[in-house]
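What follows draws every value from the coordinates through simple rules; no lab data is involved. Please read these numbers as outputs of a predicted model, since none were measured by experiment. Glycine also receives a Cβ, built like all others from the backbone with ideal geometry; neighbour counts cover every protein chain displayed.
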Amino acid sequence: MVEVYLHKRCRNVTCKSLLPVDDCDCKICLGNKGFCSSCMCPICLNFDCASNTCSWIGCDVCSHWCHAVCGIQKKLIKPGPSLKGPSGTSEMQFHCIGCGHASEMFGFVKDVFMCCAKDWGVETLLKELDCVRRIFMGSEDRKGKELHFKTDDLLLKLQTKIVSPSDACNYIVQFFN
């Protein structure tokens with residue numbers, strides 16, 4: 001308890017990481033006493049220990065995490081120059097406010113769906129599809145636009161019961177393959 005009071009340990013009882021996590025010296029960890037990059041969103045400063053979701057986004061470099069909703073609101077999730085594609089192309093990226101690194105979003109979302117979607121119930125599937133739809137809403141690249149269209153279409157079909165959750169899950173997994 002003393003460590004929490006002295007800001008040496010995360011006050012989130014499900015996390016309890018030593019602070020700063022991995023001796024991080026970014027402006028967020030240094031500027032916010034008690035900030036835990038493992039479980040706190042640097043924008044809203046709320047705890048989240050979510051896993052297997054597209055709503056909690058991590059930086060590829062410094063492992064700071066951010067709510068997708070917060071990242072969208074603060075325009076940290078936006079099109080940027082492609083990190084792997086041809087020069088002059090763009091892709092949706094999460095721009096970390098901790099280290100400034102841009103992490104591409106398509107691969108992150110693909111990994112989450114390929115790994116976890118088969119285990120989600122209908123409510124979780126709807127929530128995840130809506131999150132991905134919102135992430136890729138402003139996409140300028142072909143893959144991102146197609147993903148936005150596919151998630152929008154699947155949401156409508158699920159809500160009107162035109163497709164079953166298992167079929168919707170299969171469609172999105174096929175899209176990623």
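Semi-axes of the equivalent ellipsoid of the chain are 32, 20, 12 Å, computed as sqrt(5λ) over the eigenvalues of the C-alpha gyration tensor in descending order. How much length, in nm to one decimal, is gained on full extension between residue 17 and residue 3, taken as 0.36 nm per residue of separation minus their Cα-Cα distance? Stretched fully, the residue 17-residue 3 segment lengthens by 4.0 nm. When only the Cβ of Lys, Arg, Asp and Glu is charged (+1, +1, -1, -1), the dipole of the range 1-102 relative to its Cα centre reaches about 260 debye. The distance between label points at residue 50 and residue 142 comes to 3.1 nm (points 7 Å beyond Cα on the Cα→Cβ vector). In degrees between 0 and 90, to the nearest 10, how far off the longest principal axis of the chain does helix 105-116 point, with axes built from Cα atoms? Helix 105-116 sits roughly 80 degrees off the main axis of the chain.
Taking the Cα centre of the chain as origin and charging only Cβ (+1 Lys, Arg; -1 Asp, Glu), how large is the dipole, in debye to the nearest 20? Please list the in-between numbers first.
Values: 21 positive and 19 negative charges, 67 e Å.
About 320 debye.
Which shape class applies to the range 104-148: rounded if a/c is under 1.5, otherwise prolate when a/b exceeds b/c and oblate if not, where a ≥ b ≥ c are the square roots of the Cα gyration tensor eigenvalues? Oblate, because a/c is 1.5 or more while a/b does not exceed b/c.
Relative to the compact-globule scaling 2.2 N^0.38 Å, provide the ratio for the alpha-carbon radius of gyration of the range 1-40.
Values: Rg = 9.0 Å, N = 40, 2.2 N^0.38 = 8.9 Å.
Here the answer is 1.00, to two decimals.
Filter the cross-link list 16/84; 75/150; 27/75 down to pairs whose alpha-carbon distance in this structure exceeds 28 Å. Table pairs above 28 Å Cα-Cα are 16/84. By the count of other C-beta atoms within 10 Å, a proxy for reagent exposure, 47, 149 are ordered fewest to most as 149, 47.
Going through the cross-link list 8/74; 33/143; 8/78; 118/145, which pairs have a Cα-Cα distance over 31 Å in this structure? Walk me through the intermediate numbers first.
Numbers: 8/74 29 Å; 33/143 40 Å; 8/78 34 Å; 118/145 24 Å.
Violating the 31 Å limit, Cα to Cα: 33/143; 8/78.
Residues 118, 84, ranked from the fewest to the most other C-beta atoms within 10 Å, line up as 84, 118. Distance between the pseudo-spin-label points of residue 43 and residue 63 (7 Å out from Cα toward the beta carbon): 2.3 nm. The 3J(HN,Hα) values that the Karplus relation (6.51, -1.76, 1.60; θ = phi - 60°) gives for the range 136-149 are, in residue order, 9, 4, x, 5, 10, 8, 4, 4, x, 5, 5, 5, 4, 4 Hz. Gly and Pro appear as x.
If each residue's Cβ is checked for other Cβ atoms within 10 Å, how do 91, 140, 123 rank with the fewest at the top?
Numbers: 91 23, 140 13, 123 9.
Taking fewest neighbouring Cβ atoms as first place, the list is 123, 140, 91.
Quick one: if the Förster radius is 22 Å, what FRET efficiency do residue 152 and residue 116 give, using the C-beta to C-beta distance and rounding to 0.05? Efficiency for this residue pair is about 0.60. The simple Förster model, with R0 at 35 Å and r as the Cβ-Cβ distance, assigns residue 123 and residue 27 a FRET efficiency of 0.40. So what's the gap between the Cα centers of the range 1-72 and the range 113-177, to the nearest angstrom? The range 1-72 and the range 113-177 have Cα centres separated by 28 Å. Helix 165-176 and the longest principal axis of the C-alpha atoms of the chain enclose an angle of approximately 80°.
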